Amino acid sequence: MPSFPLPPLSPALPEIFLAAASMALLLFGVFRGERAAREASWLAALALVVAVVLVLGGGGPRQLALYGMFVTDAFAVFMKVLVLLGGIFAIVMSIRWNEQARIARFEFPVLVLLATTGMMMMVSAADLISLYIGLELQSLSLYVLAGFKRDTVRSAEAGLKYFVLGALASGMMLYGCSMVYGFAGATDFATLAATLSGGETLAIGPLVGIVFVVVGLAFKVSAVPFHMWTPDVYEGAPTPVTAFFSVAPKVAAIALFLRVMIEPFGGYVADWRQVIWLISVASMVLGSVAAINQSNFKRLMAYSSIGHIGYALIGLAAGSKEGVESVLIYMAIYVFMNVGTFAVILLMRRNGEDVEAIDDLQGLAQTHPALALSLAIFMFAMAGIPPLSGFFGKLYVFMAAINAELYVLAVIGVVTSVVGAYYYIRIVKLMYFDAPKPAFDRPFGAEMSAVLAVTAVVTLFFFIAPSVVVDSAAAAAASLFPG
Amino acid sequence: MPILSLVTFLPLLGAVIIMITGGDEATKAKNARSIALWTSLIVFFLSLQLWFGFDAESPEFQFVERVEWIPSFNIAYHMGIDGISLFFVLLSTFLTPICVLASWESVQYRVKEYMIAFLVLETMMVGTFCALDFVLFYMFFEGVLIPMFLIIGVWGGPRRVYSAFKFFLYTLLGSVLMLLAILAIFWQTGSTDIPTALQFAFEPGLQRWLWLAFFASFAVKMPMWPVHTWLPDAHVEAPTAGSVILAGVLLKMGGYGFVRFSLPMFPLASEYFADFVFTLSVIAVIYTSLVALAQTDMKKLIAYSSVAHMGFVTLGIFVANQEGLQGAMFQMLSHGVVSGALFLIVGVVYDRLHTRDIDRYGGLADNMPKYAVVFMVMMLAAVGLPGTSGFIGEFLVLVGAFQVSTWFTALAATGLILGAAYMLYLYRRVVFGTITRDDVRVMPDLSWREIVVFAPIVFLVLWMGIYPSSFLKPMQPALANLVERVEAAQRAALADAPSTLASR
C-alpha cells in the first residue's frame, strides 16, 4: 500500500479552525432553531477573535503548506488580521440591526464566517487554483448575504445583481488563469515567477492572461471600470452586510491583487503598471466626482470606497516595496474609518424606520453630539485631512508614487482628493451647520457604542503612534519581496 | 521643560476640559468662556518666556525638542523656533485671548463648541510655526482647516456655508500640491527634517517644480492675487473673532512659508520667479486697493486691504535682501495686529447694529469718542503713518525693493496713497459727519471689556512703531543668515554659468 503522508497543516490552522467553527455553528443553529441568532452571532465573533489569536500566533517566517498551494508570511498575517477585524466588527454591528429588521437568523454569522474563511484563503493563496477556491468561497457566501433580507425587492435585486456580475468576473478571471497556465505551464506562483523570468518584457500570451486576471480582481475590489455593481449592491444589501462588504472583501481582494501582481509577475512591473495606473486614475476620478450628487448615504459610501480603492492602487502601480507597504497602511486605516462610518449609518433610525438619506443627518451635532463628532472624525479622515488617520494613508501612498516617479498619477490623486473632500465635508456641514431634525432612536446599544468608540479613537489618535502600523506593514511588505 | 510643546498643546488641554464640563446650557457657556480665557492667557504668558529666553544673537533654532515619531521613515516630532518664527508664535498666542474676550457676548449659541474650536485652532497655529519636521508642519498647517471651517460655517453670517466650503477647498487644493513637494524632498534628502532640507542643495531644475508646488499652497494662504477670492468671502461671513484669526495669523502662514521654505530651499527658483511674484504683488497692491475703495461692506473693505498689504509682504520677501525681508516680516506682524484690530472694530459696531454697511453709520465720533480714538489709531497704522507699526514695514519693504527694481517700487508705492485713500474714506464715512439715524445715536461707547480688548493692541501698535528694534533685533541673525545663504547659492549658480557658456 503506497504511503500517503498527510501534508503539514499547521500553517492553515486559523482557516481550518474557522471552517470547523462555522460547521459547528451551523449545527448549533439548526438544533437551537431561530432563537439562536444572538448566541450564534456572539459565538461567531468569538471564533473570529480566536482566529486572530491563531493568526498572530502563526506568524513568523514564510511557510508553504498543502503542496505549495497555501502560504503564510508576514504579509498574510497582516492582511488576515484586517479581514478578521472587519468580520468581527460586521458581526457585532449586525446583531441589533438584524433583530430590528426582523432578519435575525443564525445563518447570517455562519455565512460571514464562511466568507471570512474564503478571504483568508485568498490572502494566503500561493497558487492560481487555491486563489480561485478562496475567491469563490467568499463570493458565494457574499452573494447570499447581499440577498439576506429576501422579502425586500432591493435586497433580492442586490443579491442577484452581485451574483450575475460576480460570476461574470470570476469567469473572466478563470479564463485569465487558464491563459497564464497555458503559456507558463504552471499554476503555483513560485514556478510561474521562475518560468516567466528572463525576458526583457513579458510575452504577449501571459500578458493577456494577466489582464484578464486583473479584470476579475478589479471587479472584486470594485475599481473602475468594473465598479457598476457597487452602488446598487451597497444600497440594496442590508446595512450590516454593506458594512462587511466595504471592508473585509476589499482587504482580501487587495491582498490577493498585491500577491498576484508582485509574486509571479513582479519582475514585469513596467508591463502591467499602465493597466493599474489607468484603473487607479479612473477609480479616483469617478469615486470623487460621482459621489457629489448622491443623497443616499450608503450609495455615497459605495462611491467613496471606489475612490479609496483608487488611492490604494496607486501603491500597487508603484510596484515597489514602499508601494506595497503604503497599500497595507492604507487598508489598515481604511478598515477603521469605514467601519466607524457604517456604525453611524446603522444607528440612523427614526421612529423605528431606517433612514439612509444624508439629509437625515442635519443638525446631528445638536441632537447627538458624540455621534456627530465621531462621524465628523471619520469624514475628515476619509478626506485625508491631518492629523486624522486618513491623512497618513494618503501620505504613504503618495510617497510611494513620488518615489516611483509616477508624478502625473500623484497629482491626479491629490486633486481628486480635494474634489472628494467636498462631499465628505458636506456631511460635516449637514451635521454642524444645519438646523436639527428630530433625534434618532435611542438606545444605541452598548456594542454599537463600543465599536464607534474604538474606531473613532483609532482614527483620531492614529497620529500618536503610527509606527505600530507602519512597522508591521513594512515587515509584511518585505515578505512579498524575497531577497 | 519642553516649553514649546507646552505652549503648543496646552490649549488642547483646555479644550478637553471644556469638553468634559457639564451642567445646563448657561453654566456650560459661562465655564467654557472662562476656561478658554484662562487657558489662552496662561499660554500667552508661557509664550512670553520664549521671548525672554530667546538668544537674539543666534540664528540657530532654539528651544529644540526632538522625539522619534516614525523612525522607519525618518519622521520625527521636531520642534524649535528661530527669529523668524518667534514672533509668529507670539502673535498667535497674543490674539487668541483677545479673540476669546471679543466673543464674550457676541457669541451666544453653542459657546462650548466655539471655545473648543478656538483652542484647537491655537494649537494648530502655534504648531505650524514651531514645527521643524515637514510632516509635523503639514499636519498643523492643514489641521487649521478643520476648526476654521467650523468657525465660519457654524457661527458665520448668512452665506457662511458657501464661504466655509470655498475657504476649505481652495486652501486644501493649494496644500496638497505642497504635500507632493514635501514627499519629493523626502526622497531627495532621506528625511522630512526641515533643518536638513534647509541645508540641502536641490538641483536647479527640480527647484523650480518644488518652488511652484510650495507657491501653490502659500500663495493661496497668503493670499496673492489672483487666488485671493476666497478671502473676502471668508472674512465677511466669519464671526468677528474668526476674521481676526484669519487675518491676523492664518494669512501669515503663507508669508512664513515663503520665508521659511521657498527662499532658503529654492534660492535659484526664487530668483527665477522673482519678477513673476513682483508682478503679482504689484497687481495685488494696486488692484485690490482700488477694489477696496469701491466696497460698501466694512469687513470686505478690510479684507481687500489685507490682500493689498500682503502684496507688500510678497514683494519684500522675494527681493531677498536684508531690508526687504525685515520689512516683510515686520509688515506681517504689524498687519496681524492691525487688521485683527480693525476686524474687532467692525465687530464692535456690528454687535450693536447688526450691519456692516458703511452707509448705515456716520458721526460715531459724537456718541462713541473712545471708539473713534481706537479706530483712528488703527486706521492710521493701516495707512502706515510714521510712529505706528504700519510705517516701519512698508518703509523697509520699499527700501529693499528699490535696490532691485525702481519700477516695481514706484508702482507699489502708489499702493500707499490708495491705502490712505480707502482707509480715510472709510473713517470719514463711519466716524465723522453728523448722526442722521436714531439707532446710531443711541449706540453706547466702548464697554470695559472692549477697552480691555483694545488697550494691549493700541499699546503694541505704538510700541512697534516707535521702537521697532525690540522686534527687529531677534529676527536679525536668522534673516541675515537667510540672505547670505540665498546670495551664496545665487553666486554659485552664476559662477557655473560662464563655464556652461564657454562649453557651448
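The values are calculated or read from the model by the stated rules, or taken from the named source; none is laboratory data. It should be emphasised that the depicted structure is a prediction, and the values quoted were computed from it without experimental measurement. Neighbour counts run over all protein chains shown; Cβ positions are idealised from the backbone, glycine included.
Summary of computed values
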read-out: Residue among B:L494, B:L396, B:L482, B:L460 that alone is out of contact with any Cys (no Cβ under 7 Å at 6 or more places or on another chain), modelled with pLDDT of 90 or more and closer than 30 Å to B:P195 by Cα; value: B:L396
read-out: Unmet criterion (only one of (1) modelled with pLDDT under 90; (2) facing chain B (nearest Cβ under 9 Å); (3) in contact with a Ser or Thr (Cβ under 7 Å, 6 or more places away or on another chain)) for A:D434; value: (3)
read-out: Filter result for the condition that a residue is over 23 Å from A:E353 (Cα atoms), away from every other protein chain (no Cβ under 12 Å) and of a type in the set (A, V, I, L, M, F, W, C), over A:V454, A:V414; value: A:V454
read-out: The lone exception for A:P387 - which of (1) in a helix (DSSP H, G or I); (2) touching a helix residue (DSSP H, G or I) at 6+ places or on another chain (Cβ under 7 Å) it fails; value: (1)
read-out: Residue under evaluation B:L145, criteria (1) more than 10 Å from chain A (Cβ to nearest Cβ); (2) modelled with pLDDT of 90 or more, criterion not met; value: (1)
read-out: Of residues in region A:75-117 being of a type in the set (G, A, S) and at pLDDT below 90, the one nearest to A:A475 (Cα to Cα); value: A:A104
read-out: Residue within region A:394-409 that is within 29 Å of A:P438 (Cβ to Cβ) and either modelled with pLDDT of 90 or more or touching a strand residue (DSSP E or B) at 6+ places or on another chain (Cβ under 6 Å) (or both) present; value: no
read-out: Enumeration of residues in region A:393-407 that are over 17 Å from A:L328 (Cα atoms) and either more than 11 Å from every other protein chain (Cβ to nearest Cβ) or buried (at least 22 other Cβ atoms within 10 Å of the Cβ) (or both); value: A:I402, A:L406
read-out: Extreme residue, surrounded by the fewest Cβ atoms within 10 Å (Cβ to Cβ), among residues of region B:47-64 that are aliphatic (A, V, I, L, M) and assigned to a helix (DSSP H, G or I); value: B:L48
read-out: Region A:17-59, residues that are more than 21 Å from the chain's Cα centre (by Cα), within 15 Å of A:T117 (Cβ to Cβ) and without any contact (Cβ under 8 Å) to a residue 40 or more places away in the chain; value: A:F17, A:A20, A:M23, A:A24
read-out: Any chance A:G483 is away from chain B (no Cβ under 13 Å), at pLDDT below 90 and closer than 24 Å to A:I358 by Cβ; value: no
read-out: Given (1) assigned to a helix (DSSP H, G or I); (2) within 20 Å of B:T355 (Cα to Cα), index of the condition B:A421 fails; value: (2)
read-out: Residue count, region B:453-469 (criterion: hydrophobic (A, V, I, L, M, F, W, C) and outside any helix (DSSP H, G or I)); value: 0
read-out: The lone exception for B:S72 - which of (1) more than 14 Å from chain A (Cβ to nearest Cβ); (2) touching a helix residue (DSSP H, G or I) at 6+ places or on another chain (Cβ under 8 Å); (3) part of a helix (DSSP H, G or I) it fails; value: (1)
read-out: Count of residues meeting criterion [outside any helix (DSSP H, G or I) and free of Cβ contacts under 8 Å to residues at least 60 places away in the same chain] in region B:277-299; value: 1
read-out: Meets criteria (within 21 Å of B:V89 (Cβ to Cβ), more than 8 Å from chain A (Cβ to nearest Cβ) and in contact with a strand residue (DSSP E or B) (Cβ under 6 Å, 6 or more places away or on another chain)) for B:L132; value: yes
read-out: Residue among A:Y330, A:Y424 that alone is within 14 Å of chain B (Cβ to nearest Cβ) and either in contact with a Gly (Cβ under 7 Å, 6 or more places away or on another chain) or at pLDDT 90 or above (or both); value: A:Y424
read-out: Residue within region B:115-134 that is touching a His at 6+ places or on another chain (Cβ under 8 Å), outside any helix (DSSP H, G or I) and not aliphatic (A, V, I, L, M) present; value: yes
read-out: Residue in region A:97-117 that is under 27 Å from A:Y330 (Cα atoms), surrounded by fewer than 23 Cβ atoms within 10 Å (Cβ to Cβ) and not basic (K, R) present; value: no
read-out: Only listed residue being more than 9 Å from chain A (Cβ to nearest Cβ), assigned to a loop (DSSP other than H, G, I, E, B) and either of a type outside the set (A, V, I, L, M) or buried (at least 23 other Cβ atoms within 10 Å of the Cβ) (or both), chosen from B:F218, B:F202; value: B:F202
read-out: Filtered residues of region A:144-164 (kept if hydroxyl-bearing (S, T, Y) and surrounded by 22 or more Cβ atoms within 10 Å (Cβ to Cβ)); value: A:S155, A:Y162
read-out: Breaking point among (1) modelled with pLDDT of 90 or more; (2) at the interface with chain A (Cβ under 9 Å from one of its Cβ atoms); (3) under 22 Å from the mean Cα position of the chain (by Cα), for B:G153; value: (1)
read-out: Members of region B:1-46 that are surrounded by 15 or more Cβ atoms within 10 Å (Cβ to Cβ), under 19 Å from B:A102 (Cβ atoms) and among the polar types (S, T, N, Q); value: B:N31, B:T39, B:S40
read-out: Pairs where the first residue, in region B:162-178, is closer than 21 Å to A:L395 by Cβ and more than 7 Å from chain A (Cβ to nearest Cβ) and the second is buried (at least 24 other Cβ atoms within 10 Å of the Cβ) and of a type in the set (S, T, N, Q), C-beta under 7 Å, 6+ apart; value: B:G174/B:S217; B:S175/B:S217; B:M178/B:S217
read-out: Region A:344-392: number of residues that are more than 13 Å from chain B (Cβ to nearest Cβ) and small (G, A, S); value: 3
read-out: Yes/no for B:I451 being buried (at least 23 other Cβ atoms within 10 Å of the Cβ), farther than 20 Å from B:L290 by Cα and of a type outside the set (G, A, S); value: no
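Table: residues versus (1) in contact with a strand residue (DSSP E or B) (Cβ under 7 Å, 6 or more places away or on another chain); (2) over 30 Å from A:T191 (Cα atoms).
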| site | (1), (2) |
| --- | --- |
| A:P7 | yes, no |
| A:E15 | no, no |
| A:A24 | no, yes |
| A:A36 | no, yes |
| A:A40 | no, yes |
| A:L56 | no, no |
| A:F89 | no, yes |
| A:R96 | no, yes |
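Listed here are the residues, each with its yes/no results for (1) among the small types (G, A, S); (2) crowded, with 21+ Cβ neighbours inside 10 Å; (3) more than 19 Å from B:G153 (Cβ to Cβ).
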site: B:A76; (1), (2), (3): yes, no, yes
site: B:F87; (1), (2), (3): no, yes, yes
site: B:S103; (1), (2), (3): yes, yes, no
site: B:S106; (1), (2), (3): yes, no, no
